[in-house]
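All remarks here apply to the structure that follows.
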Amino acid sequence: MQSNFPKAPLLISIAFFVLSCLVFLFFYKATNENNAEVKLKETEWQKEASRRDEIKALDHSIKIIEGERSELETHFARSSDVVPFLNTVEGLARQTGAEAAVTAVDILPDRKSLMVGLKASGNFSGLYKFLTLLENSPYELEFVGMDMRRETEADADGKTSLGRWEAVFKIRLLSFVE
């Protein structure tokens, strides 16, 4: 018994099936490669987005602390800001009713501090308040030396007047930035 089954359509269908399988495998492989590439690009995108968010947060933080930064900078005297510092010191003396005059200003060899000689006069309570204001000033000061004396003056009756005091300060400005 011989079969009259047509072999040509079977061979065409098998060839079509194999071709379809190859095309399917080709597209499957291409899709997997595209998925891997998409994942890689998405990871890069997320890193960049994260970096941008961090930059925005940092910029926002800088804007927030800008006021605090300027306030902090007022605690340091730069070499160009020595005159305002000295005016501040003399202004503190005027607030207490004392008189103050700067006698010497020297930048020390280490270039990190400034030595200021200061002569003040007034009544004892005014000088004491002036000293307290200097200690509590926004600048970091070190008192190297202080000499406080009572001035004696003879009035018309020959009596001595004890109301006036004189002080000589040697102050080292530690918060000096050149």
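In the list Gly97, Gly158, Gly122, Gly163, which residue meets the criterion of being modelled with pLDDT under 85, on the phi > 0 side of the Ramachandran plot and not polar (S, T, N, Q)? Walk me through it before giving the result.
Working: Gly97 fails: modelled with pLDDT under 85; Gly122 fails: modelled with pLDDT under 85; Gly163 fails: on the phi > 0 side of the Ramachandran plot.
Going through Gly97, Gly158, Gly122, Gly163 in turn, the sole match is Gly158.
Filter the stretch 92-112 down to the residues that are over 11 Å from Phe169 (Cα atoms) and buried (at least 18 other Cβ atoms within 10 Å of the Cβ) and list them by number. Lay out the reasoning, then the answer.
Within the stretch 92-112, the first condition is being over 11 Å from Phe169 (Cα atoms), and the residues that meet it are 92-99, 105-112.
Within the stretch 92-112, Leu92, Ala93, Thr96, Ala98 meet the criteria.
The values are calculated or read from the model by the stated rules, or taken from the named source; none is laboratory data. Everything numeric in this text was worked out from a predicted model, so none of it was measured. Cβ: placed from backbone, ideal geometry, glycine included. Neighbour counts: every protein chain shown.
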